[in-house]
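Structure, as structure tokens:
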Amino acid sequence: MTPRVLIVGSGPTGATYARRLLEARDDVSVLMVEAGPVVSTPPGMNVKNIPDPKEQAAARLASQGRATESGVSGIPGGVVVEGTITARQGTHLIGRAADGSAGMPAAAGATCVGGQGVHWTCATPRPTGPERIAFIDDAEWDRLVEDAEGLLHVHRPSFEGAAQATAILERIRDEFAPDGITVRPLPVAADPRADGSLRWSGSDVVLGPLAEGAHADRFTLRSETLCVRVVREGDRVVGAVLRDQRTGAEEEVRADVVVLAADALRTPQLLWASGIRPEALGRYLTEHPLLFGVVAVRSDVLPEPQDLSGPIDPIRAIVAIPFDEERHPYSAQMMYSPVSPAPLPEGSRFRDNPAGYVGMGWGIRKRPRPEDRLTFEDDRPDENGLPGIRIAYELTDVEEADFERARKHQARAAAALGEFIDGMPKVMPAGSSLHYMGTVRMGAADDGTSVCDSYSRVWNVPGLVLAGNGLIPTANSMNPTLTSVAIAIRGAEALAADLTEKD
């Protein structure tokens, strides 16, 4: 009998399971379902690759969801507008604050084929030191990360032809070299084109030939199909109830294994709705809180205009200061832009700065605590009829101390380049990173502090596997996609072996 695997969610980690399973076994069939629509061609392609600005904007709007609990939906623009939290373009707000907590007012996600990978900035720094997962052997972990870099098409830019980025890199290196702090280009998931531009990676790149119709007899992608709940017989998962979002019709689909890769907010919501409620479910919620500032660059920092060749690509080259537990216990990213990435009021002396701007973000670690968590309200469902999500989340004195230290490093970087614009820097509202972790965390033992084992299998629920940022059990200061794809590769390899043993 052909084993059937149902994958819920079409982001990079769900795509990893689909591709690796179909490559490992020629008798497995995979059904992948996604609650949102297809917004790019091929399905799951990063919308930054859409050349027409209007078409790109339409793709972002299409993935912003049908509605949200807070009533805010389809709002373009930045994270903060006149003090009111809105969702970034391509995403929609999720959940609301728990009683007595400020919650995560900027918590958001994308609902489309490709998930957040469609709107991904493609930053792929490697986790280091305490950001690595201690209960996975170092040699195996290094191999998994290398495999993940291959799946994502990670590119390490040289900044050739990006004179602005090169100048910024040199200035920042000179500032921090006496402290032994590393400054380097940020690796990104992208393929260089002949003209020097980049084609940004998305779920289509991870799916590889599957995105172009390969294995059509064994791989099916159904968009606008919501998983309502997982179905069990006894303890074992045997399938799921799926709803056609266009008609409202529901059906039960049987599967030998279900892989939940919805995201770090909606995967635990689905587990709760399915009556799968381990003690750690929704707990240990983390992100990497962000100290963000915009610097108006001094005229002497960049090359003379005649030395600049070709169009300015502000996303192509990013300067990074990686995490260093002793010297720089947070991660930093700096990106040049000819226009301010934050709105400037009329009359500001920083408007139309001739040398442009640098947006600089310092991400700190949020230590996992069981008190930072999601809870679910069966009597107050969301727009899909699933239990409403409430979020309890607070920074502690540990994180506040990290912010104070990070401000000093960021101020040095700013002074090396120019001057902060009005009102900068600022701590961004909780949830602004879009990188939520820990809510279905993996663990080395079933001791009540984790939801799944180190191979992503839910404790005591055969046939159920998890994927995504929510599995990460550590405190991270940087973009987690590379880590999550490495974890998904490990889980997919184990699942392929498990299916073989069942034959």
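The values are calculated or read from the model by the stated rules, or taken from the named source; none is laboratory data. Treat the numbers as computed from the prediction; the structure is a model and nothing was measured. Cβ sites come from the backbone with ideal geometry, for glycine too, and all protein chains shown count toward neighbours. What goes into the accessible areas is simple: the full protein's heavy atoms, side chains included, and nothing from ligands, DNA or RNA. Shrake-Rupley method; radii C 1.70, N 1.55, O 1.52, S 1.80 Å.
If each DSSP helix of 4+ residues adds -39,500 (n - 2.57) and the sum is divided by the residues in the chain, what number results at 222 nm, nearest 500 deg cm²/dmol? Result for the chain, helices only: -7000 deg cm²/dmol. Against the main long axis of the alpha-carbon atoms of the chain, helix 481-502 sits at an angle near 20°. Centroid-to-centroid, using Cα positions, region 410-432 and region 232-246 are 47 Å apart.
Simple spin-label estimate for A249 and D99 gives 4.3 nm between the two label positions (7 Å along the Cα-to-Cβ direction from each Cα). Once the 1.4 Å probe is applied to the protein heavy atoms, region 413-503 comes out at 28 Å² accessible per residue. Once the Cα-Cα distance is subtracted from the 0.36 nm per residue extended length, the A177 to D352 segment shows a gain of 59.8 nm. Applying both filters, DSSP loop and at most 13 other Cβ atoms within 10 Å, to the chymotrypsin sites (Phe, Trp or Tyr not before Pro) of region 228-302 eliminates every site. Counting only protein heavy atoms and a 1.4 Å probe, region 87-159 has 36 square angstrom of accessible area per residue. Computed over protein heavy atoms with a 1.4 Å probe, the accessible surface of region 1-63 works out to 38 Å² per residue. Between E140 and E212, the distance separating the two model label sites (each 7 Å from Cα on the Cα→Cβ line) works out to 3.4 nm.
Any aspartates and glutamates with Cα under 12 Å of the K426 Cα? List them, leaving off those in the same chain fewer than 8 positions away. Hits, sequence-local ones excluded: E404.
The Cα atoms of region 189-296 cover 58, 42, 27 Å along the three principal axes, with the biggest extent listed first.
Rounded to 0.05, the FRET efficiency of the A411 and E371 pair, given R0 = 41 Å and the Cβ-Cβ distance, is 0.80. Using only the alpha-carbon atoms, how far is helix 138-152 inclined from the longest principal axis of the chain? Give it as 0 to 90 degrees, nearest 10. Orientation of helix 138-152: about 80 degrees from the principal axis. Split the accessible area of region 189-322 by element, probe 1.4 Å, and carbon with sulfur accounts for 47%. Between the alpha-carbon centres of region 178-214 and region 249-279 there is a gap of 31 Å. When F135, F176 are compared by accessible surface with a 1.4 Å probe, the order from highest to lowest is F135, F176. Between 0 and 90 degrees, the angle of helix 397-417 with respect to the longest Cα principal axis of the chain falls at about 40 degrees. Here region 86-125 exposes an accessible surface that is 53 percent carbon and sulfur, computed with a 1.4 Å probe and the other protein chains kept in place. You can think of it this way: the chain between D300 and D27 has 92.0 nm of extra reach, that is 0.36 nm per residue less the Cα-Cα gap.
Couplings 3J(HN,Hα) for region 200-215, derived from phi with the Karplus relation 6.51 cos²θ - 1.76 cosθ + 1.60 (θ = phi - 60°), are 6, 6, x, 4, 4, 5, 5, 5, x, x, 5, 5, 9, x, 5, 6 Hz, where x marks Gly and Pro.
Ordering of 244-257, 89-102 by packing is 89-102, 244-257, highest average first (other Cβ atoms within 10 Å, averaged per residue). Return the percentage of antiparallel bridges among DSSP beta bridges fully within the chain, rounded to the nearest 5 %. So the antiparallel bridges in the chain amount to around 75 percent. Between D447 and E55, the modelled labels are 5.4 nm apart [label points 7 Å from Cα along Cα→Cβ].
Each Cα pair under 8 Å and six or more residues apart adds its separation to the average, and for the chain the resulting relative contact order is 22 percent. In a simple Cβ point-charge model (Lys, Arg +1; Asp, Glu -1; nothing else charged), the chain has a dipole of about 540 debye relative to its Cα centre.
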